[in-house]
């Protein structure tokens with residue numbers, strides 16, 4: 001067990017190191033200078049003289065250590081990455097990139113957790129029921145529209161929901177984190193308002209991902225139906241509920257958990273893009289703002305942070321498998 | 001079957017057989033039908049519209065769909081019908097280009113890895129395993145974000161996507177070649193003195209074609225998906241009317257707040273059709289390549 005833990009941790013370090021190295025070298029291979037880009041834009045809007053601009057760029061280049069040998073920069077960079085230090089934001093200086101991320105992460109995390117759990121549960125239950133011959137007909141009919149939604153990414157689902165529920169029926173707000181005019185004071189009315197603004201993004205993420213679970217679970221359910229042990233359980237006179245719970249769901253738990261671990265990257269990126277679409281104050285909007293304002297340290301920081309988080313979660317999931325499957329535990 | 005000896009068996013033509021097969025394989029049929037519709041829309045569109053109107057300041061701004069502008073116009077004065085036609089074509093170009101290059105890289109690497117084995121196999125496999133947990137879109141965000149947005153072209157966009165999207169195909173081809181390498185027909189070919197190249201191209205390749213076709217569709221799907229996400233984040237070639245770009249600019253201008261509902265909704269529907277048809281074709285090809293899940297009429 002200890003050997004496995006060490007091997008997985010080494011793998012994790014390798015993944016984070018590769019991602020960091022890619023993120024370090026790509027910008028340095030290109031011709032564009034991040035700092036020049038950022039301040040040239042400021043100069044266009046703010047209007048200071050070109051000589052001042054050159055001076056500012058020079059001092060910033062020194063500040064960020066971009067005038068030192070590449071190898072020295074790389075060593076410092078790798079060390080700082082593992083210390084979760086991504087430097088300063090260009091746009092919101094003196095905030096560090098870590099500050100920006102920490103400010104945004106609670107929003108993203110809560111949205112992600114709620115939507116992933118709901119869509120995983122609904123999708124798997126619907127999928128299992130739709131493959132189960134004893135399920136009532138309306139349940140099976142209910143699953144079909146979700147399957148048709150598999151091809152629709154959450155962002156597009158967001159645009160469609162915005163149109164129907166927000167724009168046409170005026171049921172839910174069109175974006176932002178709370179209504180204009182509401183005082184953000186932590187009162188019930190404010191909380192309710194915030195919650196109302198989360199419904200559409202959450203719904204688009206759930207509807208955009210539930211079909212995938214329905215589809216894979218249904219496939220697995222159909223395979224399990226033909227297995228001998230299910231046949232045996234039926235002849236033994238076990239109740240339909242017991243067979244469904246202990247024979248169907250139990251056996252699909254491990255593959256579906258693996259699928260969840262593999263889907264994490266997609267799930268997180270979808271959430272980020274959806275957040276950007278709805279203008280929620282999470283990682284998505286931080287990334288959107290950073291892209292719009294050429295705030296390169298923030299872009300790279302967010303990318304590395306998410307990559308590290310996804311890779312860590314994937315490795316952690318592997319340690320959950322023995323809890324789900326006794327066959328792995330015995331090995 | 002028993003009647004065959006008694007009466008003359010009329011063999012249906014290949015076309016009739018293909019049509020009958022689509023009756024059984026509904027997802028393939030519907031997927032192909034949507035795809036043909038999209039191709040027809042784009043092809044006829046190019047004859048009807050002037051591609052210049054897909055760019056800003058060429059039409060009256062913020063007009064709702066009408067007879068003159070069937071799909072309306074946007075805030076920047078683009079005719080959205082023209083924009084959709086050009087955007088659809090560009091989306092297809094990125095998808096085919098990135099999907100094609102990605103498939104070729106994946107097939108070549110997968111072949112080398114599985115056929116020659118040894119340390120080459122170890123390196124390719126390890127690189128694939130390390131790159132897989134990294135969310136590809138985020139690395140693409142870094143690449144696309146680094147480039148000067150005024151320089152990004154459709155071709156560049158495709159290259160950005162290819163950089164990190166060949167691993168899936170590599171692993172699929174690798175595992176298929178590994179099993180095929182051990183089959184008897186390869187052993188027979190080897191014993192009768194066929195060289196490496198002969199075995200690869202004459203024995204293994206033909207058997208691999210259905211898998212490569214399926215991998216290609218998946219690659220195209222992923223490329224379209226990735227380019228759409230990048231464009232929605234404002235990282236595409238901003239001048240071009242890519243479908244994601246249209247949604248990005250519509251959201252940036254608060255289209256729904258201002259009542260210009262047609263502006264973001266049209267590219268969204270187009271995207272649903274494109275991705276939906278690709279997903280259906282992929283499901284249909286799965287059924288074609290894997291006879292075990294084939295249904296009877």
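The values are calculated or read from the model by the stated rules, or taken from the named source; none is laboratory data. Keep in mind that what you see is a predicted model, and the values were worked out from it rather than measured. Neighbour counts run over all protein chains shown; Cβ positions are idealised from the backbone, glycine included.
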* Asked: Applying the selection to the range B:72-86, what residues are under 11 Å from residue B:56 (Cβ atoms), touching a helix residue (DSSP H, G or I) at 6+ places or on another chain (Cβ under 8 Å) and without any contact (Cβ under 8 Å) to a residue 40 or more places away in the chain?
  -> B:73, B:79
* Selected residue (only one of B:40, B:29 is out of contact with any helix residue (DSSP H, G or I) (no Cβ under 9 Å at 6 or more places or on another chain) and assigned to a helix (DSSP H, G or I)) -> B:40
* Structure fact -> If we ask which residues in the range B:79-134 are surrounded by fewer than 16 Cβ atoms within 10 Å (Cβ to Cβ), more than 15 Å from the chain's Cα centre (by Cα) and closer than 22 Å to residue B:226 by Cα, their number turns out to be 2
* Structure fact -> Residue count, the range B:235-247, condition surrounded by fewer than 24 Cβ atoms within 10 Å (Cβ to Cβ) and free of Cβ contacts under 8 Å to residues at least 40 places away in the same chain, comes to 0
* Identify all residues within the range B:248-257 that are in contact (Cβ under 8 Å) with a residue 24 or more places away in the chain and closer than 19 Å to residue A:171 by Cβ; write none if there are none. => B:255
* To do: Go through the range A:65-176 and tell me which helices (runs of 4 or more DSSP H), entirely inside it, have 2 or more residues that are surrounded by 14 or more Cβ atoms within 10 Å (Cβ to Cβ) and either more than 14 Å from every other protein chain (Cβ to nearest Cβ) or in contact with a strand residue (DSSP E or B) (Cβ under 9 Å, 6 or more places away or on another chain) (or both).
  => A:70-82, A:97-131, A:137-148
* Asked: residue A:249 passes all but one of (1) without any contact (Cβ under 8 Å) to a residue 24 or more places away in the chain; (2) in contact with a helix residue (DSSP H, G or I) (Cβ under 8 Å, 6 or more places away or on another chain); which number fails?
  -> (1)
* Asked: Does residue A:249 meet the test of being surrounded by fewer than 18 Cβ atoms within 10 Å (Cβ to Cβ) and over 30 Å from residue B:141 (Cβ atoms)?
  -> yes
* Of all residues in the range B:216-258, how many are under 20 Å from residue A:295 (Cβ atoms) and at pLDDT below 85? -> 7
* Could you tell me whether residue A:269 is crowded, with 21+ Cβ neighbours inside 10 Å, more than 23 Å from residue A:88 (Cα to Cα) and within 14 Å of the chain's Cα centre (by Cα)? => yes
* Search the range B:151-174 for residues being touching a residue at least 24 places away in the same chain (Cβ under 8 Å) and more than 16 Å from the chain's Cα centre (by Cα), and hand back the single one that is surrounded by the fewest Cβ atoms within 10 Å (Cβ to Cβ). => B:153
* Asked: Regarding residue A:207, is this residue out of contact with any strand residue (DSSP E or B) (no Cβ under 8 Å at 6 or more places or on another chain), surrounded by 15 or more Cβ atoms within 10 Å (Cβ to Cβ) and farther than 26 Å from residue A:320 by Cβ?
  -> yes
* Structure fact -> When the range B:42-65 is checked residue by residue, the ones that are within 21 Å of the chain's Cα centre (by Cα) and surrounded by fewer than 16 Cβ atoms within 10 Å (Cβ to Cβ) are B:43
* To do: Name every residue in the range A:285-308 that is within 8 Å of chain B (Cβ to nearest Cβ), surrounded by fewer than 24 Cβ atoms within 10 Å (Cβ to Cβ) and either more than 13 Å from residue A:272 (Cβ to Cβ) or touching a strand residue (DSSP E or B) at 6+ places or on another chain (Cβ under 9 Å) (or both), in order of residue number.
  => A:292
* To do: State all residues of the range B:121-152 that are more than 10 Å from every other protein chain (Cβ to nearest Cβ) and at pLDDT 80 or above; if no residue qualifies, say none.
  => B:121, B:122, B:123, B:124, B:125, B:128
